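Everything on this sheet refers to the single structure shown next.
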Amino acid sequence: MTTGVWVLGDQLHPDQAALVGCDPATTRVVLIESASVLARRAYHRQKLVLVWSAMRHAAADLAAAGWQVDLLEAESFASALPAWLQSHRITELRVMEPADRPFRDQIERLDLPVPLRWVASNAFLWSQEAFAVWASGYRQWRLELFYREGRRRFAVLMEGEGASATPLGGQWNFDRENRRPPRKGLVGPEPLIFEPDALTQAVMDKLRRLDAQRAEAGLPPLPGSLEPFHWGVSRAQALQVLEHFIATRLAGFGPYQDAMVSGQPTLWHALLSPYLNLGLLHPLEVIRRLEEAGREQQAPLASLEGVIRQILGWREFTHGLYHWFGPDYPTLNHLEAHEPLPAFLGELGGSGMACLDTVLGELATTGYAHHIQRLMVLANYGLLAGLDPQALTAWFHHMFIDGFDWVMQTNVIGMGLFADGGRLASKPYAASGAYIQRMSTYCSGCGYDPKQRTGPQACPFNVLYWDFLARHRQRFAGHPRMALVMQQLAKRDPAELEQIRRQAQAHREAGPKAV
Ligand SMILES: Cc1cc2nc3c(=O)[nH]c(=O)nc-3n(C[C@H](O)[C@H](O)[C@H](O)COP(=O)(O)OP(=O)(O)OC[C@H]3O[C@@H](n4cnc5c(N)ncnc54)[C@H](O)[C@@H]3O)c2cc1C
Ligand code: SF4
(Lines give C-alpha, C1' and ligand atoms only; values in the text may rest on other atoms or scores of the structure.)
(Ligands and ions follow the chains in the order given, each with its own letter.)
Protein backbone atom coordinates (compact mmCIF):
# COMPACT_ATOMS: atom_id res chain seq x y z
CA MET A 1 0.00 0.00 0.00
CA THR A 2 1.43 3.37 -0.96
CA THR A 3 -0.01 6.61 0.35
CA GLY A 4 0.24 9.68 -1.86
CA VAL A 5 0.64 13.17 -0.44
CA TRP A 6 0.05 16.11 -2.76
CA VAL A 7 1.84 19.17 -1.38
CA LEU A 8 0.27 22.33 -2.80
CA GLY A 9 2.40 25.35 -3.71
CA ASP A 10 1.45 27.32 -0.57
CA GLN A 11 1.82 24.35 1.82
CA LEU A 12 5.59 24.02 1.84
CA HIS A 13 6.25 23.68 5.58
CA PRO A 14 8.01 20.38 6.39
CA ASP A 15 5.49 19.73 9.20
CA GLN A 16 2.39 20.46 7.12
CA ALA A 17 -0.57 18.35 8.22
CA ALA A 18 -0.84 15.95 5.24
CA LEU A 19 2.72 14.73 5.85
CA VAL A 20 2.36 14.41 9.62
CA GLY A 21 1.93 10.77 10.66
CA CYS A 22 2.97 9.33 7.27
CA ASP A 23 5.81 6.87 6.98
CA PRO A 24 8.39 8.03 4.40
CA ALA A 25 8.98 4.38 3.46
CA THR A 26 5.39 3.85 2.26
CA THR A 27 4.56 7.39 1.15
CA ARG A 28 5.17 9.15 -2.13
CA VAL A 29 5.01 12.93 -2.25
CA VAL A 30 4.15 15.02 -5.29
CA LEU A 31 4.37 18.73 -6.10
CA ILE A 32 2.94 19.93 -9.41
CA GLU A 33 3.88 23.08 -11.33
CA SER A 34 0.81 23.71 -13.47
CA ALA A 35 1.25 26.01 -16.48
CA SER A 36 -2.52 26.35 -16.95
CA VAL A 37 -2.45 28.71 -13.98
CA LEU A 38 -1.14 31.28 -16.47
CA ALA A 39 -4.06 30.75 -18.82
CA ARG A 40 -6.40 31.93 -16.05
CA ARG A 41 -4.31 34.74 -14.62
CA ALA A 42 -1.22 36.52 -15.93
CA TYR A 43 0.77 36.63 -12.70
CA HIS A 44 3.68 38.94 -12.01
CA ARG A 45 6.92 37.29 -13.15
CA GLN A 46 8.51 37.64 -9.68
CA LYS A 47 5.59 35.81 -8.12
CA LEU A 48 5.80 32.89 -10.55
CA VAL A 49 9.53 32.56 -10.01
CA LEU A 50 9.10 32.69 -6.24
CA VAL A 51 6.32 30.08 -6.10
CA TRP A 52 7.85 27.63 -8.55
CA SER A 53 11.37 27.96 -7.20
CA ALA A 54 10.13 27.59 -3.61
CA MET A 55 8.33 24.39 -4.67
CA ARG A 56 11.51 23.02 -6.24
CA HIS A 57 13.53 23.86 -3.13
CA ALA A 58 10.87 22.33 -0.85
CA ALA A 59 10.89 19.15 -2.98
CA ALA A 60 14.68 18.96 -2.62
CA ASP A 61 14.46 19.54 1.15
CA LEU A 62 11.83 16.82 1.56
CA ALA A 63 13.94 14.38 -0.47
CA ALA A 64 16.96 15.19 1.69
CA ALA A 65 14.81 14.42 4.76
CA GLY A 66 14.11 10.93 3.43
CA TRP A 67 10.81 11.33 1.56
CA GLN A 68 10.26 9.91 -1.96
CA VAL A 69 9.37 13.05 -3.89
CA ASP A 70 8.32 13.85 -7.45
CA LEU A 71 8.14 17.36 -8.83
CA LEU A 72 6.03 17.41 -11.98
CA GLU A 73 5.97 20.16 -14.59
CA ALA A 74 2.55 19.77 -16.18
CA GLU A 75 0.04 21.51 -18.37
CA SER A 76 -2.60 21.09 -15.64
CA PHE A 77 -3.27 19.12 -12.46
CA ALA A 78 -5.82 17.02 -14.34
CA SER A 79 -3.27 15.99 -16.95
CA ALA A 80 -0.59 15.00 -14.41
CA LEU A 81 -2.13 13.69 -11.22
CA PRO A 82 -4.11 10.58 -12.33
CA ALA A 83 -1.11 9.24 -14.27
CA TRP A 84 1.20 9.82 -11.28
CA LEU A 85 -1.23 8.05 -8.93
CA GLN A 86 -1.44 5.05 -11.24
CA SER A 87 2.24 4.78 -12.04
CA HIS A 88 3.14 4.64 -8.32
CA ARG A 89 0.20 2.38 -7.38
CA ILE A 90 -1.02 4.94 -4.87
CA THR A 91 -4.05 3.72 -2.91
CA GLU A 92 -5.06 6.95 -1.19
CA LEU A 93 -4.24 10.61 -1.85
CA ARG A 94 -3.85 12.91 1.15
CA VAL A 95 -4.12 16.69 0.68
CA MET A 96 -4.04 19.35 3.37
CA GLU A 97 -7.12 21.61 3.15
CA PRO A 98 -6.13 24.57 0.95
CA ALA A 99 -6.46 28.06 2.40
CA ASP A 100 -8.10 29.26 -0.84
CA ARG A 101 -11.69 28.16 -1.42
CA PRO A 102 -11.56 28.14 -5.28
CA PHE A 103 -8.54 25.85 -5.15
CA ARG A 104 -10.38 23.31 -3.00
CA ASP A 105 -13.32 23.41 -5.44
CA GLN A 106 -10.92 22.83 -8.34
CA ILE A 107 -9.40 19.79 -6.62
CA GLU A 108 -12.85 18.39 -5.78
CA ARG A 109 -13.69 18.48 -9.49
CA LEU A 110 -10.67 16.36 -10.50
CA ASP A 111 -11.52 12.87 -11.66
CA LEU A 112 -9.10 10.79 -9.57
CA PRO A 113 -8.68 7.02 -9.67
CA VAL A 114 -8.18 6.76 -5.86
CA PRO A 115 -9.96 8.17 -2.78
CA LEU A 116 -9.02 11.74 -1.80
CA ARG A 117 -8.54 12.33 1.93
CA TRP A 118 -8.69 15.96 3.10
CA VAL A 119 -6.48 16.62 6.13
CA ALA A 120 -7.40 19.58 8.38
CA SER A 121 -4.94 22.42 7.87
CA ASN A 122 -2.35 23.29 10.51
CA ALA A 123 -1.10 26.32 8.56
CA PHE A 124 -2.84 28.91 10.76
CA LEU A 125 -3.16 29.24 14.52
CA TRP A 126 -6.95 29.42 14.40
CA SER A 127 -8.78 26.55 12.69
CA GLN A 128 -11.88 27.48 10.69
CA GLU A 129 -14.02 25.75 13.35
CA ALA A 130 -12.42 27.60 16.28
CA PHE A 131 -12.80 30.91 14.44
CA ALA A 132 -16.47 30.15 13.71
CA VAL A 133 -17.11 29.56 17.44
CA TRP A 134 -15.48 32.90 18.27
CA ALA A 135 -17.18 34.83 15.43
CA SER A 136 -20.65 33.48 16.19
CA GLY A 137 -20.54 35.35 19.50
CA TYR A 138 -20.54 38.75 17.75
CA ARG A 139 -22.65 40.73 15.29
CA GLN A 140 -19.71 42.91 14.32
CA TRP A 141 -16.20 41.55 14.08
CA ARG A 142 -13.44 43.86 15.21
CA LEU A 143 -9.75 43.11 15.21
CA GLU A 144 -9.05 44.32 18.72
CA LEU A 145 -11.31 41.78 20.44
CA PHE A 146 -10.07 38.95 18.23
CA TYR A 147 -6.45 39.93 18.82
CA ARG A 148 -6.84 40.00 22.60
CA GLU A 149 -8.50 36.58 22.52
CA GLY A 150 -5.57 35.31 20.41
CA ARG A 151 -3.06 36.70 22.92
CA ARG A 152 -4.85 34.87 25.76
CA ARG A 153 -5.54 31.66 23.84
CA PHE A 154 -1.98 31.17 22.58
CA ALA A 155 -0.34 32.79 25.64
CA VAL A 156 1.51 35.42 23.59
CA LEU A 157 3.01 38.46 25.35
CA MET A 158 1.10 37.66 28.53
CA GLU A 159 2.08 37.78 32.20
CA GLY A 160 0.68 35.16 34.55
CA GLU A 161 -1.43 32.17 33.59
CA GLY A 162 -5.02 31.22 32.86
CA ALA A 163 -7.90 33.60 33.51
CA SER A 164 -5.75 35.93 35.63
CA ALA A 165 -3.14 36.49 32.86
CA THR A 166 -2.62 40.13 31.89
CA PRO A 167 -0.93 41.73 28.85
CA LEU A 168 2.81 42.18 29.19
CA GLY A 169 3.57 45.78 30.07
CA GLY A 170 -0.01 46.34 31.26
CA GLN A 171 -1.25 47.43 27.85
CA TRP A 172 -2.72 45.51 24.87
CA ASN A 173 -2.00 48.04 22.18
CA PHE A 174 0.72 50.54 21.34
CA ASP A 175 -0.83 51.57 18.02
CA ARG A 176 -0.81 55.30 18.71
CA GLU A 177 2.99 55.26 18.72
CA ASN A 178 3.00 53.88 15.18
CA ARG A 179 1.77 56.79 13.09
CA ARG A 180 4.77 59.07 12.59
CA PRO A 181 5.09 60.88 9.25
CA PRO A 182 8.48 60.49 7.58
CA ARG A 183 11.09 62.98 8.78
CA LYS A 184 13.42 64.56 6.22
CA GLY A 185 16.02 62.13 4.91
CA LEU A 186 14.44 59.08 6.56
CA VAL A 187 16.34 55.97 5.50
CA GLY A 188 15.44 52.44 6.59
CA PRO A 189 17.72 49.41 6.96
CA GLU A 190 18.71 47.53 3.80
CA PRO A 191 16.64 44.39 3.20
CA LEU A 192 18.34 41.00 3.02
CA ILE A 193 18.61 39.91 -0.61
CA PHE A 194 19.57 36.62 -2.26
CA GLU A 195 21.12 35.88 -5.64
CA PRO A 196 19.28 33.25 -7.72
CA ASP A 197 20.84 29.77 -7.42
CA ALA A 198 20.74 27.07 -10.13
CA LEU A 199 17.17 25.98 -9.28
CA THR A 200 15.91 29.54 -9.44
CA GLN A 201 17.83 30.22 -12.66
CA ALA A 202 16.10 27.19 -14.21
CA VAL A 203 12.69 28.61 -13.25
CA MET A 204 13.68 31.99 -14.71
CA ASP A 205 14.60 30.24 -17.98
CA LYS A 206 11.20 28.53 -17.94
CA LEU A 207 9.54 31.93 -17.53
CA ARG A 208 11.48 33.25 -20.54
CA ARG A 209 10.18 30.31 -22.61
CA LEU A 210 6.61 30.87 -21.38
CA ASP A 211 6.89 34.55 -22.25
CA ALA A 212 8.02 33.66 -25.77
CA GLN A 213 5.10 31.23 -26.13
CA ARG A 214 2.66 33.93 -24.98
CA ALA A 215 4.08 36.32 -27.57
CA GLU A 216 3.69 33.68 -30.32
CA ALA A 217 0.09 33.09 -29.22
CA GLY A 218 -0.61 36.83 -29.37
CA LEU A 219 -1.14 37.06 -25.59
CA PRO A 220 0.02 40.14 -23.65
CA PRO A 221 3.39 39.79 -21.87
CA LEU A 222 3.42 38.77 -18.20
CA PRO A 223 3.55 41.80 -15.91
CA GLY A 224 6.53 42.93 -13.85
CA SER A 225 10.28 42.49 -14.13
CA LEU A 226 11.92 39.11 -14.18
CA GLU A 227 15.30 40.48 -13.15
CA PRO A 228 16.80 41.23 -10.74
CA PHE A 229 15.18 38.52 -8.60
CA HIS A 230 16.23 38.78 -4.96
CA TRP A 231 13.56 36.95 -2.91
CA GLY A 232 14.46 34.01 -0.67
CA VAL A 233 13.15 30.73 -2.10
CA SER A 234 13.71 28.10 0.60
CA ARG A 235 12.82 27.58 4.23
CA ALA A 236 16.47 28.16 5.18
CA GLN A 237 16.43 31.54 3.43
CA ALA A 238 13.05 32.43 4.91
CA LEU A 239 14.48 31.76 8.38
CA GLN A 240 17.42 34.02 7.50
CA VAL A 241 14.98 36.79 6.55
CA LEU A 242 13.28 36.40 9.93
CA GLU A 243 16.63 36.63 11.76
CA HIS A 244 17.66 39.61 9.64
CA PHE A 245 14.37 41.33 10.45
CA ILE A 246 14.95 40.76 14.17
CA ALA A 247 18.54 41.98 13.98
CA THR A 248 18.03 45.06 11.80
CA ARG A 249 14.38 46.20 11.73
CA LEU A 250 12.39 44.88 14.69
CA ALA A 251 13.52 47.56 17.13
CA GLY A 252 12.50 50.24 14.63
CA PHE A 253 9.24 48.52 13.64
CA GLY A 254 6.32 50.67 14.58
CA PRO A 255 7.03 54.39 14.56
CA TYR A 256 7.32 54.66 10.75
CA GLN A 257 4.94 51.82 9.90
CA ASP A 258 2.64 54.20 8.00
CA ALA A 259 5.38 56.29 6.35
CA MET A 260 5.97 56.22 2.58
CA VAL A 261 9.32 57.41 1.26
CA SER A 262 10.43 57.63 -2.39
CA GLY A 263 13.39 55.32 -3.00
CA GLN A 264 12.72 53.44 0.29
CA PRO A 265 10.17 50.78 -0.60
CA THR A 266 10.64 48.55 2.43
CA LEU A 267 11.65 50.78 5.41
CA TRP A 268 11.17 48.74 8.64
CA HIS A 269 8.58 46.33 7.23
CA ALA A 270 9.18 42.65 7.94
CA LEU A 271 9.03 41.34 4.32
CA LEU A 272 7.77 38.07 5.75
CA SER A 273 4.38 37.73 4.01
CA PRO A 274 5.64 35.77 0.96
CA TYR A 275 7.29 33.19 3.22
CA LEU A 276 4.39 32.94 5.67
CA ASN A 277 1.88 32.62 2.83
CA LEU A 278 3.85 29.85 1.09
CA GLY A 279 4.21 27.93 4.35
CA LEU A 280 7.99 28.32 4.42
CA LEU A 281 7.49 29.85 7.86
CA HIS A 282 4.73 28.97 10.31
CA PRO A 283 3.11 31.98 12.01
CA LEU A 284 3.50 30.48 15.49
CA GLU A 285 7.21 29.82 15.05
CA VAL A 286 7.64 33.44 13.94
CA ILE A 287 5.68 34.71 16.94
CA ARG A 288 7.62 32.54 19.42
CA ARG A 289 10.94 33.65 17.92
CA LEU A 290 9.85 37.29 18.21
CA GLU A 291 8.91 36.76 21.85
CA GLU A 292 12.32 35.21 22.45
CA ALA A 293 13.98 38.22 20.83
CA GLY A 294 11.95 40.41 23.19
CA ARG A 295 13.17 38.43 26.21
CA GLU A 296 16.73 38.87 24.93
CA GLN A 297 16.12 42.64 24.94
CA GLN A 298 16.53 42.89 21.17
CA ALA A 299 13.47 45.13 20.79
CA PRO A 300 11.23 47.43 22.82
CA LEU A 301 7.82 46.03 23.75
CA ALA A 302 5.97 48.53 21.51
CA SER A 303 7.79 47.24 18.41
CA LEU A 304 7.35 43.63 19.43
CA GLU A 305 3.65 44.10 20.11
CA GLY A 306 3.28 46.02 16.84
CA VAL A 307 4.55 43.20 14.65
CA ILE A 308 2.88 40.43 16.66
CA ARG A 309 -0.45 42.26 16.27
CA GLN A 310 0.02 42.05 12.50
CA ILE A 311 0.66 38.30 12.48
CA LEU A 312 -1.43 37.00 15.41
CA GLY A 313 -4.06 39.70 14.82
CA TRP A 314 -4.56 40.87 11.26
CA ARG A 315 -3.25 37.82 9.44
CA GLU A 316 -5.33 35.32 11.42
CA PHE A 317 -8.33 37.68 11.43
CA THR A 318 -8.42 38.13 7.65
CA HIS A 319 -8.04 34.38 7.12
CA GLY A 320 -10.73 33.52 9.68
CA LEU A 321 -13.18 36.06 8.25
CA TYR A 322 -12.57 34.88 4.68
CA HIS A 323 -13.96 31.45 5.60
CA TRP A 324 -16.56 32.80 8.01
CA PHE A 325 -18.03 35.23 5.46
CA GLY A 326 -18.41 32.42 2.90
CA PRO A 327 -18.34 32.12 -0.89
CA ASP A 328 -20.54 35.16 -1.68
CA TYR A 329 -18.13 37.63 -0.09
CA PRO A 330 -15.92 38.05 -3.21
CA THR A 331 -18.97 39.16 -5.24
CA LEU A 332 -19.97 42.04 -2.94
CA ASN A 333 -20.19 45.55 -4.34
CA HIS A 334 -21.86 47.62 -1.62
CA LEU A 335 -20.89 50.99 -3.12
CA GLU A 336 -22.04 49.95 -6.60
CA ALA A 337 -18.67 50.77 -8.10
CA HIS A 338 -18.43 49.78 -11.75
CA GLU A 339 -15.59 51.81 -13.32
CA PRO A 340 -13.14 49.71 -15.37
CA LEU A 341 -9.50 49.60 -14.29
CA PRO A 342 -7.34 52.36 -15.75
CA ALA A 343 -4.61 51.25 -18.15
CA PHE A 344 -1.85 52.49 -15.82
CA LEU A 345 -2.66 49.69 -13.36
CA GLY A 346 -2.15 46.97 -15.97
CA GLU A 347 0.95 48.74 -17.27
CA LEU A 348 2.29 49.35 -13.75
CA GLY A 349 2.90 53.04 -14.36
CA GLY A 350 2.03 56.06 -16.45
CA SER A 351 -0.68 57.67 -14.31
CA GLY A 352 1.16 60.99 -14.13
CA MET A 353 0.59 61.00 -10.35
CA ALA A 354 3.87 60.70 -8.44
CA CYS A 355 2.41 58.65 -5.57
CA LEU A 356 0.80 56.06 -7.82
CA ASP A 357 3.69 55.90 -10.26
CA THR A 358 6.25 55.46 -7.46
CA VAL A 359 4.33 52.61 -5.84
CA LEU A 360 3.55 50.98 -9.21
CA GLY A 361 7.21 51.24 -10.24
CA GLU A 362 8.32 49.51 -7.04
CA LEU A 363 5.62 46.88 -7.52
CA ALA A 364 6.85 46.24 -11.08
CA THR A 365 10.37 45.59 -9.80
CA THR A 366 9.65 43.29 -6.85
CA GLY A 367 5.93 42.43 -6.68
CA TYR A 368 5.91 44.10 -3.23
CA ALA A 369 4.45 47.26 -1.74
CA HIS A 370 4.01 47.83 1.97
CA HIS A 371 0.67 47.99 3.75
CA ILE A 372 0.06 51.74 3.62
CA GLN A 373 1.08 51.95 -0.04
CA ARG A 374 -1.48 49.19 -0.75
CA LEU A 375 -4.21 50.66 1.43
CA MET A 376 -3.84 54.43 1.20
CA VAL A 377 -2.47 54.81 -2.33
CA LEU A 378 -3.61 51.87 -4.49
CA ALA A 379 -6.86 50.80 -2.82
CA ASN A 380 -7.71 54.39 -1.83
CA TYR A 381 -7.50 55.40 -5.49
CA GLY A 382 -9.75 52.45 -6.41
CA LEU A 383 -12.25 53.37 -3.71
CA LEU A 384 -12.41 57.07 -4.63
CA ALA A 385 -12.47 56.49 -8.39
CA GLY A 386 -15.22 53.86 -8.02
CA LEU A 387 -13.24 51.06 -9.66
CA ASP A 388 -14.98 47.71 -9.94
CA PRO A 389 -14.05 45.75 -6.75
CA GLN A 390 -13.84 42.36 -8.42
CA ALA A 391 -11.58 43.67 -11.20
CA LEU A 392 -9.34 45.43 -8.67
CA THR A 393 -9.15 42.33 -6.45
CA ALA A 394 -8.09 40.28 -9.47
CA TRP A 395 -5.46 42.91 -10.28
CA PHE A 396 -4.01 42.72 -6.74
CA HIS A 397 -4.03 38.94 -7.04
CA HIS A 398 -2.03 39.01 -10.31
CA MET A 399 0.47 41.59 -9.19
CA PHE A 400 1.43 40.90 -5.59
CA ILE A 401 4.20 38.52 -4.59
CA ASP A 402 2.17 37.46 -1.51
CA GLY A 403 -1.32 37.51 -3.09
CA PHE A 404 -3.64 34.58 -2.39
CA ASP A 405 -7.41 34.44 -2.47
CA TRP A 406 -7.86 34.15 1.33
CA VAL A 407 -5.82 37.24 2.11
CA MET A 408 -6.84 39.28 -0.91
CA GLN A 409 -10.61 39.15 -0.53
CA THR A 410 -10.84 40.54 2.98
CA ASN A 411 -8.05 43.06 2.45
CA VAL A 412 -9.20 44.42 -0.90
CA ILE A 413 -13.00 43.90 -0.89
CA GLY A 414 -13.30 44.67 2.82
CA MET A 415 -10.52 46.90 4.10
CA GLY A 416 -9.53 48.63 0.88
CA LEU A 417 -12.79 49.18 -0.99
CA PHE A 418 -15.55 48.96 1.63
CA ALA A 419 -17.36 46.77 -0.92
CA ASP A 420 -18.62 44.60 1.96
CA GLY A 421 -20.51 47.53 3.45
CA GLY A 422 -18.46 47.56 6.66
CA ARG A 423 -18.32 43.93 7.72
CA LEU A 424 -14.54 44.21 8.13
CA ALA A 425 -13.78 47.92 8.55
CA SER A 426 -16.01 50.26 10.51
CA LYS A 427 -15.69 52.99 7.86
CA PRO A 428 -14.15 53.44 4.40
CA TYR A 429 -10.40 54.15 4.36
CA ALA A 430 -10.97 57.18 2.11
CA ALA A 431 -8.35 59.94 2.12
CA SER A 432 -7.56 63.02 0.08
CA GLY A 433 -4.13 64.19 -1.08
CA ALA A 434 -3.57 65.79 2.35
CA TYR A 435 -3.04 62.36 3.91
CA ILE A 436 -0.56 61.30 1.22
CA GLN A 437 1.25 64.62 1.54
CA ARG A 438 1.55 64.20 5.33
CA MET A 439 2.60 60.56 5.33
CA SER A 440 4.86 60.45 2.26
CA THR A 441 7.56 62.27 0.35
CA TYR A 442 5.78 61.75 -2.98
CA CYS A 443 4.04 65.10 -3.45
CA SER A 444 7.22 67.16 -3.70
CA GLY A 445 8.02 65.36 -6.98
CA CYS A 446 4.51 65.57 -8.43
CA GLY A 447 3.08 67.77 -11.17
CA TYR A 448 -0.12 68.10 -9.13
CA ASP A 449 -0.61 70.24 -6.04
CA PRO A 450 -1.96 68.45 -2.96
CA LYS A 451 -3.39 71.74 -1.65
CA GLN A 452 -5.60 72.43 -4.67
CA ARG A 453 -9.10 71.03 -5.10
CA THR A 454 -9.98 72.50 -8.50
CA GLY A 455 -8.12 73.54 -11.64
CA PRO A 456 -5.57 71.78 -13.80
CA GLN A 457 -2.99 71.42 -10.97
CA ALA A 458 -5.50 70.03 -8.46
CA CYS A 459 -4.41 66.74 -6.91
CA PRO A 460 -6.67 64.02 -8.37
CA PHE A 461 -6.95 62.45 -4.89
CA ASN A 462 -8.62 65.69 -3.68
CA VAL A 463 -10.96 65.89 -6.64
CA LEU A 464 -11.93 62.23 -6.37
CA TYR A 465 -12.24 62.40 -2.57
CA TRP A 466 -14.87 65.14 -2.53
CA ASP A 467 -16.64 63.57 -5.47
CA PHE A 468 -16.69 60.24 -3.58
CA LEU A 469 -18.29 61.85 -0.53
CA ALA A 470 -20.81 63.72 -2.67
CA ARG A 471 -21.60 60.58 -4.67
CA HIS A 472 -22.36 58.66 -1.47
CA ARG A 473 -23.94 61.54 0.48
CA GLN A 474 -27.17 59.61 1.13
CA ARG A 475 -25.45 56.37 1.99
CA PHE A 476 -23.13 57.90 4.60
CA ALA A 477 -25.64 60.41 5.98
CA GLY A 478 -26.36 58.44 9.16
CA HIS A 479 -22.98 56.72 9.47
CA PRO A 480 -21.60 57.71 12.90
CA ARG A 481 -17.92 57.46 11.92
CA MET A 482 -18.48 59.51 8.73
CA ALA A 483 -20.33 62.33 10.50
CA LEU A 484 -17.35 64.70 10.64
CA VAL A 485 -16.40 64.43 6.97
CA MET A 486 -20.04 64.67 5.89
CA GLN A 487 -20.26 67.93 7.87
CA GLN A 488 -17.18 69.17 6.00
CA LEU A 489 -18.86 68.22 2.73
CA ALA A 490 -21.97 70.14 3.68
CA LYS A 491 -19.81 73.26 4.22
CA ARG A 492 -18.29 73.10 0.72
CA ASP A 493 -19.36 75.94 -1.56
CA PRO A 494 -21.94 74.38 -3.98
CA ALA A 495 -20.33 76.00 -7.03
CA GLU A 496 -16.90 74.68 -6.05
CA LEU A 497 -18.35 71.22 -5.40
CA GLU A 498 -20.03 71.28 -8.79
CA GLN A 499 -16.68 72.07 -10.42
CA ILE A 500 -14.92 69.33 -8.42
CA ARG A 501 -17.49 66.78 -9.55
CA ARG A 502 -17.14 67.80 -13.21
CA GLN A 503 -13.38 67.52 -12.87
CA ALA A 504 -13.66 64.08 -11.24
CA GLN A 505 -15.81 62.90 -14.11
CA ALA A 506 -13.30 64.26 -16.62
CA HIS A 507 -10.45 62.49 -14.75
CA ARG A 508 -12.29 59.18 -14.93
CA GLU A 509 -13.13 59.63 -18.61
CA ALA A 510 -9.83 61.01 -19.83
CA GLY A 511 -7.14 59.04 -17.99
CA PRO A 512 -8.41 55.56 -17.51
CA LYS A 513 -9.14 53.18 -20.27
CA ALA A 514 -10.34 49.63 -19.66
CA VAL A 515 -7.69 46.92 -19.24
C1 LIG B 1 -5.40 46.37 -0.43
C2 LIG B 1 -4.54 45.41 0.34
C3 LIG B 1 -4.06 44.26 -0.25
C4 LIG B 1 -3.29 43.35 0.49
N5 LIG B 1 -2.87 42.21 -0.11
C6 LIG B 1 -2.17 41.28 0.61
C7 LIG B 1 -1.74 40.07 0.01
O8 LIG B 1 -2.00 39.80 -1.15
N9 LIG B 1 -1.04 39.19 0.77
C10 LIG B 1 -0.72 39.46 2.07
O11 LIG B 1 -0.09 38.62 2.71
N12 LIG B 1 -1.11 40.59 2.65
C13 LIG B 1 -1.82 41.52 1.95
N14 LIG B 1 -2.19 42.69 2.55
C15 LIG B 1 -1.85 42.92 3.96
C16 LIG B 1 -0.48 43.62 4.19
O17 LIG B 1 -0.44 44.78 3.43
C18 LIG B 1 0.69 42.70 3.84
O19 LIG B 1 0.57 41.49 4.56
C20 LIG B 1 2.03 43.33 4.21
O21 LIG B 1 2.16 44.57 3.55
C22 LIG B 1 3.15 42.38 3.82
O23 LIG B 1 4.40 42.98 3.97
P24 LIG B 1 5.37 42.69 5.20
O25 LIG B 1 5.60 41.24 5.34
O26 LIG B 1 6.55 43.56 5.03
O27 LIG B 1 4.42 43.14 6.38
P28 LIG B 1 4.58 43.93 7.75
O29 LIG B 1 3.91 45.24 7.59
O30 LIG B 1 5.95 43.97 8.25
O31 LIG B 1 3.68 43.01 8.70
C32 LIG B 1 4.13 41.75 9.22
C33 LIG B 1 3.21 40.62 8.80
O34 LIG B 1 1.89 40.82 9.28
C35 LIG B 1 0.93 40.20 8.42
N36 LIG B 1 -0.10 41.19 8.08
C37 LIG B 1 -0.09 42.51 8.35
N38 LIG B 1 -1.23 43.09 7.97
C39 LIG B 1 -1.98 42.12 7.40
C40 LIG B 1 -3.28 42.10 6.80
N41 LIG B 1 -4.02 43.21 6.70
N42 LIG B 1 -3.72 40.93 6.33
C43 LIG B 1 -2.99 39.80 6.42
N44 LIG B 1 -1.75 39.77 6.97
C45 LIG B 1 -1.27 40.91 7.47
C46 LIG B 1 1.70 39.72 7.21
O47 LIG B 1 1.87 38.34 7.28
C48 LIG B 1 3.04 40.44 7.31
O49 LIG B 1 4.09 39.67 6.77
C50 LIG B 1 -2.97 43.62 1.83
C51 LIG B 1 -3.43 44.80 2.41
C52 LIG B 1 -4.22 45.68 1.68
C53 LIG B 1 -4.73 46.91 2.35
S1 SF4 C 1 -0.06 65.73 -5.28
FE2 SF4 C 1 -1.71 64.23 -5.25
S3 SF4 C 1 -1.30 62.91 -7.01
FE4 SF4 C 1 0.58 64.06 -6.62
S5 SF4 C 1 1.79 62.72 -5.27
FE6 SF4 C 1 0.60 64.08 -3.94
S7 SF4 C 1 -1.24 62.93 -3.49
FE8 SF4 C 1 -0.32 61.94 -5.26
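The values are calculated or read from the model by the stated rules, or taken from the named source; none is laboratory data. Model, not experiment: these values are computed from the prediction. Backbone-built Cβ (ideal geometry, glycine too); neighbour counts: all protein chains shown.
Quick notes on this one:
- Filter pass, Asp402 being among the charged types (D, E, K, R), in contact with a His (Cβ under 7 Å, 6 or more places away or on another chain) and in contact (Cβ under 8 Å) with a residue 12 or more places away in the chain: no
- Test: residue in region 124-133 that is surrounded by 14 or more Cβ atoms within 10 Å (Cβ to Cβ), modelled with pLDDT of 95 or more and polar (S, T, N, Q): yes
- Enumeration of residues in region 436-450 that are at pLDDT 95 or above, part of a helix (DSSP H, G or I) and within 8 Å of ligand 2 (Cβ to nearest atom): Ile436, Gln437, Cys443
- Residues that are within 16 Å of ligand 2 (Cβ to nearest atom), over 21 Å from the mean Cα position of the chain (by Cα) and either part of a loop (DSSP other than H, G, I, E, B) or polar (S, T, N, Q) (or both) do occur in region 353-372.
- Filtered residues of region 381-421 (kept if within 22 Å of Gln310 (Cα to Cα) and hydroxyl-bearing (Ser, Thr, Tyr)): Thr393, Thr410
- Per-region count, region 109-123, residues among the small types (Gly, Ala, Ser) and surrounded by fewer than 16 Cβ atoms within 10 Å (Cβ to Cβ): 1
- Counting the residues of region 204-228 that are surrounded by 14 or more Cβ atoms within 10 Å (Cβ to Cβ) and touching a Leu at 6+ places or on another chain (Cβ under 8 Å) gives 9.
- Test result for Ala504, part of a loop (DSSP other than H, G, I, E, B), touching a helix residue (DSSP H, G or I) at 6+ places or on another chain (Cβ under 6 Å), of a type in the set (Gly, Ala, Ser) and on the phi < 0 side of the Ramachandran plot: no
- Screening the candidates Trp134, Trp126 for the property of being farther than 27 Å from Asp23 by Cβ and part of a loop (DSSP other than H, G, I, E, B) yields one hit, Trp126.
- Criterion violated by Arg152 - all others in (1) free of Cβ contacts under 8 Å to residues at least 12 places away in the same chain; (2) outside any loop (DSSP other than H, G, I, E, B); (3) not polar (S, T, N, Q) satisfied: (1)
- Selection within region 39-77 - buried (at least 17 other Cβ atoms within 10 Å of the Cβ), among the hydrophobic types (A, V, I, L, M, F, W, C) and in a helix (DSSP H, G or I): Leu48, Val49, Leu50, Val51, Trp52, Ala54, Met55, Ala58, Ala59, Leu62, Phe77
- If you go through region 193-242 and pick out every residue that is in a loop (DSSP other than H, G, I, E, B) and not hydroxyl-bearing (Ser, Thr, Tyr), you end up with 21.
- Meets criteria (more than 16 Å from the chain's Cα centre (by Cα), assigned to a loop (DSSP other than H, G, I, E, B) and of a type in the set (D, E, K, R)) for Glu305: no
- Among residues of region 456-473 being in contact (Cβ under 8 Å) with a residue 40 or more places away in the chain and aromatic (Phe, Trp, Tyr), the one that is farthest from ligand 2 (Cβ to nearest atom) is Phe468.
- Qualifying residues in region 247-269 (those that are aliphatic (A, V, I, L, M), surrounded by fewer than 23 Cβ atoms within 10 Å (Cβ to Cβ) and away from ligand 2 (no atom under 16 Å from the Cβ)) - the one farthest from Gly445 (Cα to Cα): Ala247
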